[in-house]
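Working notes, beginning with the structure itself.
The values are calculated or read from the model by the stated rules, or taken from the named source; none is laboratory data. Because the structure is predicted, anything quoted here is derived from the model rather than measured. Here the Cβ positions follow ideal geometry from the backbone for every residue, glycine too, while neighbour counts run over all protein chains shown.
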């Protein structure tokens, strides 16, 4: 592998890592931001909304981005999305009103959907089918590390003022030269060039792909119960401050990153459905332990299991989906994957808050863990049933 290929792959991995901070990079400065706009009607609520708006617009726009990628190619949209990412992301540093900042956050989500779709499509284009799992493992590693590094950097920058973390999004500008100089449009079938695409599209296993989409959505809904609620949950029994809560959340990212490096080794021994069973067992156990925790020690154990489970589940679901995808609809499939992922992030507080309000966070975590365990059991039973139906060799 020559240095240009290594730089190209590194650019794609860094681009993947910045998609996950669309919602989180400014989190550390939100209390100060709320103080700055306290005179604005519903200012504190709108400030919290600024954190999640990019996930909403990213999810809604992702299928459109996928269709554009298949119809017109990857590079031009990738460059445009990165430029928009830097512009809309940094806008909060100078925009005077909260409403203008909210509008810029919606535009940032549009850019995130373009970057996420193009980066993953190009990673898949440049990777042979037998190496997809390894590439998705590296992408998951960079996304986890990016979340830890950029959120930590945002916290340091917030010490200078709540506007400073918005400048983190300037990294989008830095990636543009790498895309322009190092990347080419992939050769082979695409939505704009392949004849008979509709006929081949019918061969895609739509039923299995739909199940994977639903699992991606549920995975994000349940996982986001942790970053959204953990700081409040810790106060109920440990009196932890925001710095300690942030450190525990970073632990999830670090374990996620380390575990992602082992995905290819696990994939050689287990199939996608078997890895799904293992991943959801880990996530189920993590949530149940979190609900049972009455001290920080058990929380640490739960979050370690959470990081390992996320590494397996996210990497495996992405690799499984790409393995099922015909080349000429790759962009649309990835766009739908991005849609399910970001919609799950945005919907998590909406769907889980009634449970939290009625029964409390501890019970909500136990219920979430039970749901993950039930999915794991269903997948295991389905796998066992398929094996039982296979003819035995004499």
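Numbers for the structure displayed
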| quantity | calculated |
| --- | --- |
| Meets criteria (in contact with a helix residue (DSSP H, G or I) (Cβ under 9 Å, 6 or more places away or on another chain), at pLDDT below 80, closer than 23 Å to residue 347 by Cβ and buried (at least 19 other Cβ atoms within 10 Å of the Cβ)) for residue 229 | yes |
| Subset of region 83-93 (residues that are within 11 Å of residue 107 (Cα to Cα), touching a helix residue (DSSP H, G or I) at 6+ places or on another chain (Cβ under 7 Å) and surrounded by fewer than 21 Cβ atoms within 10 Å (Cβ to Cβ)) | 84, 91 |
| Test: residue in region 272-280 that is part of a helix (DSSP H, G or I) and at pLDDT below 85 | no |
| Per-region count, region 127-156, residues over 20 Å from the mean Cα position of the chain (by Cα) and touching a residue at least 24 places away in the same chain (Cβ under 8 Å) | 2 |
| Qualifying residue in region 287-295 (condition: modelled with pLDDT under 90 and within 18 Å of residue 148 (Cβ to Cβ)) | no |
| Top-ranked residue of region 297-317 - restricted to ones that are buried (at least 16 other Cβ atoms within 10 Å of the Cβ) and more than 19 Å from the chain's Cα centre (by Cα), ranked as modelled with the lowest pLDDT | 299 |
| All positions within region 1-23 that are surrounded by fewer than 19 Cβ atoms within 10 Å (Cβ to Cβ) and within 19 Å of residue 165 (Cβ to Cβ) | 14 |
| Residue match in region 364-379 (condition: within 22 Å of residue 263 (Cβ to Cβ) and modelled with pLDDT under 85) | no |
| Filter pass, residue 66 being in a helix (DSSP H, G or I) and under 12 Å from residue 166 (Cβ atoms) | no |
| From 351, 305, residue being in contact (Cβ under 8 Å) with a residue 12 or more places away in the chain, assigned to a helix (DSSP H, G or I) and farther than 30 Å from residue 118 by Cα | 305 |
| Test for residue 89: is it within 24 Å of the chain's Cα centre (by Cα) and part of a helix (DSSP H, G or I) | yes |
| Of all residues making up region 1-42, the number that are under 18 Å from residue 86 (Cβ atoms), in a helix (DSSP H, G or I) and at pLDDT below 80 | 0 |
| Qualifying residue in region 62-82 (condition: farther than 18 Å from residue 123 by Cα, under 18 Å from the mean Cα position of the chain (by Cα), surrounded by 22 or more Cβ atoms within 10 Å (Cβ to Cβ) and in the same structural domain as residue 140 (by TED's automatic domain parsing)) | no |
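Yes/no per residue for (1) modelled with pLDDT under 90; (2) closer than 17 Å to residue 24 by Cβ:
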site	(1), (2)
44	yes, no
47	yes, yes
72	yes, no
75	yes, no
90	no, yes
98	no, no
